[in-house]
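Structure, as structure tokens:
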Amino acid sequence: MSETLLDKWLGEMGIEADAHGESRLFATGNIAVVLTPDESQDNGNFINIECPVLINPRAGVNLYRDLLLRNAMVRIGAFSLESDTVMFSYAMPAVDGAEAEFAAVLKMVAKIANDASGELQKIHGGRRIGDDRKDNGKPNS
């Protein structure tokens, strides 16, 4: 998949994303969304959709159990603990002409991650990306 296809899809959705190499980053609600083209798959091209859900939660058996239960309940994607950050991610096949599917999947992944961020924070502490933002959605200076 070329980088321009991802930019085209984001443009059609009206999303302005910051470019970081091949990756695209934007914030929505209390989370950030990172989109990265992956052309290394043997079975085709993919877009990796990753959302940092919660930073520095209280790690332990209860957090791992909570993430496993959430994974059993979601239709797409998976929660994971990467270093000190709870992530929600999904790899979607990138096929030209799949703009509507991309839009639906992106909205679903962002909603799952955003909804979980508040629930997980109440139980396991930590902070969300949105905690660093003012009410107007701009990063704190």
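The values are calculated or read from the model by the stated rules, or taken from the named source; none is laboratory data. What you see is a predicted model, and the numbers here were worked out from it, not measured in a lab. Quick reminder, even Gly has a Cβ in these numbers, built from the backbone with ideal geometry, and neighbours come from all protein chains shown. When the accessible area is computed, the model is the full protein with side chains, heavy atoms only, and any ligands, DNA or RNA have been set aside. Shrake-Rupley method; radii C 1.70, N 1.55, O 1.52, S 1.80 Å.
Assorted remarks:
- Within the stretch 38-64, considering residues that are assigned to a helix (DSSP H, G or I) and loosely packed, with under 15 Cβ neighbours inside 10 Å, the one nearest to the chain's Cα centre (by Cα): 64
- Remark: pairs (first residue in the stretch 10-37, open to solvent by 60 Å² or more (accessible area, probe 1.4 Å) and of a type in the set (D, E, K, R); second residue in a strand (DSSP E or B) and at pLDDT below 90; Cβ separation under 6 Å; 6+ apart in sequence or on different chains) = 22/37.
- Total residues in the stretch 90-120 satisfying the condition of being of a type outside the set (A, V, I, L, M) and crowded, with 20+ Cβ neighbours inside 10 Å: the figure is 4.
- Test: residue in the stretch 55-74 that is more than 15 Å from residue 124 (Cβ to Cβ) and in contact with a helix residue (DSSP H, G or I) (Cβ under 9 Å, 6 or more places away or on another chain): yes
- Enumeration of residues in the stretch 65-110 that are touching a residue at least 40 places away in the same chain (Cβ under 8 Å) and either charged (D, E, K, R) or part of a helix (DSSP H, G or I) (or both): 66, 70, 96, 99, 102, 103, 105, 106, 109, 110
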